[in-house]
1. Give the cross-link partners of Lys49 among the lysines, using a straight C-alpha distance below 23 Å as the criterion and excluding same-chain residues fewer than 8 apart.
2. So what is the relative contact order for the stretch 8-178, in percent, with contacts set as C-alpha pairs under 8 Å and at least six apart?
3. Count charges around His72 for me, please; just the other residues with Cβ under 14 Å from its Cβ, Lys/Arg as +1, Asp/Glu as -1.
4. Can you check what the net charge comes to around Val113, using other residues whose Cβ is under 14 Å from the Cβ of Val113 (Lys, Arg +1; Asp, Glu -1)?
5. Averaged over all directions, how much area does the convex hull of the C-alpha atoms of the stretch 8-178 cover when projected, in nm²?
6. What are the residues whose amide H is under 5 Å from the amide H of Leu58, where those residues sit 5 or more places off or on another chain and H is modelled from the backbone?
Amino acid sequence: MAAERHPRITLHLGDITTDGEVDAIVDAANKTLLGGGGVDGAIHRAAGKGLLAECRELDGCETGDAKITGGHDLPAAHVIHTVGPVWASGGDEAKQRSKDEQLASCYRRSLEVARDNGLASVAFPSISTGVYRFPVDRAAAIAVATVREGAAELGGFEEIRFWLFDQATYDDYEKALGD
Ligand code: ADP
């Protein structure tokens with residue numbers, strides 16, 4: 001069905017932890033999955049101690065991979081935890097391309113985990129563009145292209161959202177969506 005092969009992709013400005021309309025929100029976590037700053041800290045604060053307890057059972061996560069838990073005190077029923085690459089500023093082109101691939105893998109693996117769990121709607125933050133310093137325009141192009149392609153290929157998604165925390169990031173995702 002065409003509508004399922006090409007889900008709506010929508011942009012939202014603000015705090016991803018407030019979204020109770022999607023089946024899962026995605027956490028830009030670190031390899032320990034035991035909480036951190038930025039969006040990870042916000043998700044753990046809003047979800048409560050139950051999330052941390054469940055994350056302790058997961059034994060961490062590799063860069064570019066994704067794991068799922070319940071949403072606990074969050075309005076969304078699930079959290080998909082993924083670990084973005086740390087940007088290599090000053091790195092050579094080959095190194096930067098491998099970062100691109102790891103970032104694409106975060107989006108792809110998150111969608112696969114969502115599909116495996118029968119979820120139809122997922123909300124992503126801008127993975128790796130905070131503390132991990134990935135250039136936002138480059139990350140936005142990868143995020144949009146990977147989600148478009150992955151959702152069409154996997155099928156069954158109704159809506160994919162991006163929650164962007166500031167206007168400049170929102171503008172870069174809007175541009176990527178229009179390209
Ligand atoms: P990373 O370590 O992957 O770079 P960060 O959490 O540092 O992750 O930043 C990723 C993006 O998430 C940044 O654009 C940051 O501004 C944004 N962000 C921080 N808090 C929230 C939140 N509550 N909801 C949505 N996005 C957020």
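Derivation of every value follows stated rules applied to the coordinates shown; laboratory data play no part. None of the values given here were measured: they were computed from a predicted structure. So basically every Cβ, Gly included, is an ideal-geometry build from the backbone, and we count neighbours across all protein chains shown.
1. Lys31, Lys67
2. Working: 340 pairs, mean separation 51.4, N = 171.
Relative contact order of the stretch 8-178: 30 percent.
3. -1
4. Working: positive: Lys67, Arg108, Arg109, Arg115; negative: Asp23, Asp27, Glu62, Asp65, Glu112, Asp116.
Local charge sum for Val113: -2.
5. Working: hull surface 35.4 nm².
Averaged projected area of the stretch 8-178's Cα convex hull equals 8.9 nm².
6. Amide H neighbours of Leu58, under 5 Å, 5+ apart: none.
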